[in-house]
Amino acid sequence: MKREVLLLAILVLLILGCNNNALEGPFKVTNVVDGDTLDLNNSKRVRLSGINTPETGECYYEEAKDKLTGLVLGKDVFLERDKTNIDKYGRTLRYIYSDGVLVNSVLVQEGFARVFDNYKQDTKKYEELKAMEETAKTNKLGIWSCEERKESCLYVGSKKSKTYHSPDCKWAKRIKPENLVCYKTESEVEQLTPCATCLQNK
Ligand SMILES: [Zn+2]
């Protein structure tokens with residue numbers, strides 16, 4: 001009987017060892033770079049696989065970074081490999097598990113990240129992430145509220161500036177959502193300065 005238990009234990013270990021989905025870790029998260037990038041105590045920089053969060057200055061950048069910070073900073077996390085091991089910037093591509101939840105999913109689910117469609121072929125959880133993104137979009141969570149807020153405006157500006165922009169201006173994208181002002185008529189911008197980039201002809 002003892003021998004059978006031992007054989008079973010060896011078999012289980014072999015199966016675990018051969019499994020590509022085996023988790024690596026735990027590693028401690030020492031730094032959060034932005035909404036989808038972090039540093040580990042093994043001095044590796046990890047890029048969360050399959051997703052993309054807003055860049056500096058874009059709507060929801062700060063919120064996404066804060067969310068990831070809350071989920072992982074100072075915690076012991078486990079990593080799961082995707083189809084691609086390392087991206088072109090030398091960052092390790094991984095799914096991250098913290099406190100038993102898949103962080104990549106949480107960020108998509110709650111509207112802090114988009115699914116990275118350009119890397120569909122490299123993303124083994126693409127379909128499940130995409131389904132979560134669809135729900136976040138339908139419910140206009142997080143980043144999915146940014147565009148809509150601007151598109152209904154004739155011009156947009158910032159509470160902190162006298163310049164106004166066309167809603168699709170690259171500078172307008174850098175206005176933080178909490179500072180975003182929406183102008184619906186020409187008369188509202190009479191006292192303001194048109195942006196030199198997007199409204200040259202005004
Ligand atoms: Zn502009």
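The values are calculated or read from the model by the stated rules, or taken from the named source; none is laboratory data. Computed from a prediction, not measured in an experiment: that's the story for all the values here. Because the Cβ atoms are built from the backbone with ideal geometry, glycine has one as well, and the counts that use them run over all protein chains shown.
A few comments on the model shown:
- Tallying residues that are under 15 Å from the mean Cα position of the chain (by Cα) and assigned to a helix (DSSP H, G or I) within segment 115-133 yields 8.
- Residues being buried (at least 22 other Cβ atoms within 10 Å of the Cβ) and either out of contact with any Ser or Thr (no Cβ under 8 Å at 6 or more places or on another chain) or assigned to a loop (DSSP other than H, G, I, E, B) (or both) - total across segment 76-113: 6
- Screening THR185 against (1) within 16 Å of the ligand (Cβ to nearest atom); (2) loosely packed, with under 15 Cβ neighbours inside 10 Å; (3) at pLDDT below 95 leaves a single unmet condition, (1).
- The numbered conditions (1) more than 18 Å from ALA113 (Cα to Cα); (2) in contact (Cβ under 8 Å) with a residue 12 or more places away in the chain are all true for SER43 except (2).
- Of the residues GLY35, GLY25, the single one that is modelled with pLDDT of 95 or more, closer than 30 Å to LYS150 by Cα and of a type outside the set (Val, Ile, Thr) is GLY35.
- In segment 188-202, the residues that are crowded, with 18+ Cβ neighbours inside 10 Å and more than 9 Å from the ligand (Cβ to nearest atom): VAL189
- Candidate set from segment 168-180 (those that are within 11 Å of CYS146 (Cβ to Cβ) and touching a strand residue (DSSP E or B) at 6+ places or on another chain (Cβ under 7 Å)); member that is nearest to the ligand (Cβ to nearest atom): ALA172
- Count - residues of segment 49-75 that are of a type in the set (Gly, Ala, Ser) and buried (at least 18 other Cβ atoms within 10 Å of the Cβ): 3
- Qualifying residue in segment 77-87 (condition: at pLDDT 95 or above, acidic (Asp, Glu) and closer than 23 Å to THR138 by Cα): no
- Filtered residues of segment 152-176 (kept if under 22 Å from the mean Cα position of the chain (by Cα) and not hydrophobic (A, V, I, L, M, F, W, C)): ASP168, LYS170, LYS173, ARG174, LYS176
- Considering (1) within 13 Å of the ligand (Cβ to nearest atom); (2) touching an Asp or Glu at 6+ places or on another chain (Cβ under 7 Å); (3) among the β-branched types (Val, Ile, Thr), the lone condition that VAL108 does not fulfil carries the number (1).
- Residue match in segment 136-157 (condition: near the ligand (Cβ under 10 Å from one of its atoms), under 30 Å from LEU93 (Cα atoms), crowded, with 17+ Cβ neighbours inside 10 Å and not assigned by TED's automatic domain parsing to the domain that holds LEU107): no
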